[in-house]
Amino acid sequence: TDTPSTLLMIFGATGDLAKRKLYPSLFHLFNKGKISKDFAVIGVARREWTEEQFKKHVEDSVLTSIGTKENIDEFISHFYYQSHDVSDSESYITLKNLADSLDNKYNLHGNRIFYLAMAPEFFGTITDHLKSDGLTDTQGFHRLVIEKPFGHDLPSAEQLNNQIRESFTEDQIYRIDHYLGKEMVQNIEVIRFANALFEPLWNSRYISNIQVTSSEELGVEERGRYYEKSGALRDMVQNHMLQMVALLAMEPPIKLTTEEIRGEKVKVLRALRPLKDDEVKDYFVRGQYGPNETGGRGYRQEPNVDPNSNTETYVAGKLMIDNFRWAGVPIYIRTGKRMETKSTKIVIQFKDIPMNLYYNRDKPLAPNLLVIHIQPDEGITLHLNAKKSGQNVETTPVKLNFSNNSVDGMNTPEAYEKLLHDCMRGDATNFTHWDDVKLSWAYVDKISEVWETTKETEFPNYCAGTAGPKAADELLEKDGFYWWPID
Ligand code: NAD
């Protein structure tokens, strides 16, 4: 294995995230021999569970999500549980004693990862106590993993960050953006920097526009209360969408180290053209889904949602990156709930060639496209023009396809599996740095300020199960482009 011995403490161990993602991911890592045999997990949560109940819970979660329980007994023998009150020092002292004894039992060298899979309002309280009650007083490494959302806007994010930084240094903090754990998102870098074919063309001379889409079929489900305060802009754009844009647009790093890659990404966010109040409407479109004919309910009819809600469930935007490489190239992003299909993908549209020898009034040449499929399919497609077989010199579009799913014959590891493994190895490359968080909130805050002060009178403006509001199409049409269909 390439990971050192570790004690992993999961705060929020009875929650949804731990159950659906963390235990199955840990089990995979364990079965692949990717975690040191010297490991222990302490589940920490409010409920008064016994250790047996917790172990059963972990076993069930693995079974439900993976469908096998090979080696499960050995796996769960490493799990411990503590019922805990996050604001009570006594609880932390008990936790510290348990941690210290496991340190000895498993020879963990005081290496500790604190994974906060809980509501963000507890983050600061927990980190304060971890330090003041001595849980970070060991010889080994201490890492803090934090789930989204990291703040609600720049001031709240700053406040949270300041509080966490009282107990952990920036390089001990691993802010999860699970998009960065996805195989094809990590592949953006490889496609760009390991191919002679793309990097020379990766600029404003050859690329006409870039389109990043992340659409969901589901609505807000049970998360209405949270979503009412968040909306698509905060929930998706501030983190996932801007992180994908940074990877697409960054300069080649001088080395593939955490510092160099993060350094290049942050420069992209610094170069984002800030919007003025009256420009927001020209660059950003918001949408909210309404009911559809087949009985799908609208956002305003969802549980825990205000019947007059002004919250957006869809965002489309045009980003400009004002640097030498990208001057004049629009990067369009869109994300929404209750769309036609579930899909995350990136389309890079190349400029038309200088002269079309094959021009035919009925059939213009299709532009070259590079499509990066992130989910549910994973792969890349290159759209080219080739000769149509036959007597005439006619062109026909061809697609060169590479699909990850079919090459490996199995699903690639889940984002959480990769990210947990990275964190155990101490590799923070695929986690967000505070500088990213700060710059993306600053960018997004301007848009939410304008949106919060002007109620959208057209809401709902797209039917559940469709491609989003018409205004999103017009955003591209006025630049002479259109959204490439999500096929
Ligand atoms: P959840 O509500 O299912 O779980 C909350 C956990 O916190 C439970 O284990 C509960 O026991 C514990 N808890 C709550 N109050 C406590 C207290 N006072 N003292 C001790 N323990 C307490 O939440 P979740 O869906 O697992 O989400 C956890 C975090 O992960 C949140 O920050 C969320 O935004 C984030 N997140 C979740 C998902 C997901 O798929 N569920 C995805 C991305 C991010």
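The values are calculated or read from the model by the stated rules, or taken from the named source; none is laboratory data. Since we're looking at a predicted model, the values are computed, not measured. Note that we place each Cβ from the backbone using ideal geometry, even for glycine, and neighbour counts take in every protein chain shown. The area values use the complete protein model at the heavy-atom level, side chains included, leaving out ligands, DNA and RNA. Shrake-Rupley method; radii C 1.70, N 1.55, O 1.52, S 1.80 Å.
In the set (1) at pLDDT 95 or above; (2) at positive phi, TYR416 fails one condition alone, (2).
Residues in region 1-30 that are under 22 Å from GLY426 (Cβ atoms) and of a type in the set (S, T, N, Q): THR1, THR3, SER5, THR6, SER25.
The set of residues from region 6-29 being away from the ligand (no atom under 16 Å from the Cβ) and either open to solvent by less than 10 Å² (accessible area, probe 1.4 Å) or of a type in the set (D, E, K, R) (or both) comprises THR6, LEU7, PHE27, LEU29. Pairs linking a residue in region 44-61 that is more than 17 Å from LEU7 (Cα to Cα) to a residue that is open to solvent by 90 Å² or more (accessible area, probe 1.4 Å) and at pLDDT 95 or above, with Cβ atoms under 6 Å and 6 or more positions apart or on different chains, are SER61/LYS19. The residues of region 126-158 that are out of contact with any Asp or Glu (no Cβ under 9 Å at 6 or more places or on another chain) and free of Cβ contacts under 8 Å to residues at least 12 places away in the same chain, listed by number, are ASP137, SER156.
The sole residue among GLU222, GLU199, GLU279 that is out of contact with any Ser or Thr (no Cβ under 9 Å at 6 or more places or on another chain), free of Cβ contacts under 8 Å to residues at least 40 places away in the same chain, more than 30 Å from HIS142 (Cα to Cα) and surrounded by fewer than 15 Cβ atoms within 10 Å (Cβ to Cβ) is GLU279. Would you check if LEU365 is at pLDDT below 95, open to solvent by less than 90 Å² (accessible area, probe 1.4 Å) and either closer than 28 Å to LYS470 by Cα or assigned to a strand (DSSP E or B) (or both)? So LEU365 fits the description; yes. Among the conditions (1) on the phi > 0 side of the Ramachandran plot; (2) in a helix (DSSP H, G or I), the only one that HIS240 does not satisfy is (1). If you go through region 329-358 and keep only what is farther than 24 Å from ARG273 by Cβ, of a type in the set (D, E, K, R) and open to solvent by 20 Å² or more (accessible area, probe 1.4 Å), you end up with ARG338, GLU340, LYS342, ASP352.
Just one of the numbered conditions (1) farther than 28 Å from PRO330 by Cβ; (2) open to solvent by less than 60 Å² (accessible area, probe 1.4 Å) is not true of LYS229: (2).
Filtered by the rule that a residue be away from the ligand (no atom under 13 Å from the Cβ), surrounded by fewer than 17 Cβ atoms within 10 Å (Cβ to Cβ) and in a loop (DSSP other than H, G, I, E, B), region 87-109 gives ASN107, HIS109. Taking residues in region 169-195 that are open to solvent by 10 Å² or more (accessible area, probe 1.4 Å), and partners anywhere that are aliphatic (A, V, I, L, M), the pairs with Cβ atoms closer than 6 Å and at least 6 places apart or on different chains are GLN172/LEU144; HIS178/ALA415; TYR179/VAL185; LYS182/ILE374; LYS182/ALA415. Does GLU378 count as of a type in the set (D, E, K, R), at pLDDT 95 or above and buried (at least 18 other Cβ atoms within 10 Å of the Cβ)? It is false that GLU378 is of a type in the set (D, E, K, R), at pLDDT 95 or above and buried (at least 18 other Cβ atoms within 10 Å of the Cβ).
Counting residues in region 461-480 that are open to solvent by 40 Å² or more (accessible area, probe 1.4 Å), without any contact (Cβ under 8 Å) to a residue 40 or more places away in the chain and in a loop (DSSP other than H, G, I, E, B) gives one or more. If the condition is being surrounded by 12 or more Cβ atoms within 10 Å (Cβ to Cβ), within 11 Å of the ligand (Cβ to nearest atom) and assigned to a loop (DSSP other than H, G, I, E, B), then region 76-86 contributes HIS84, VAL86.
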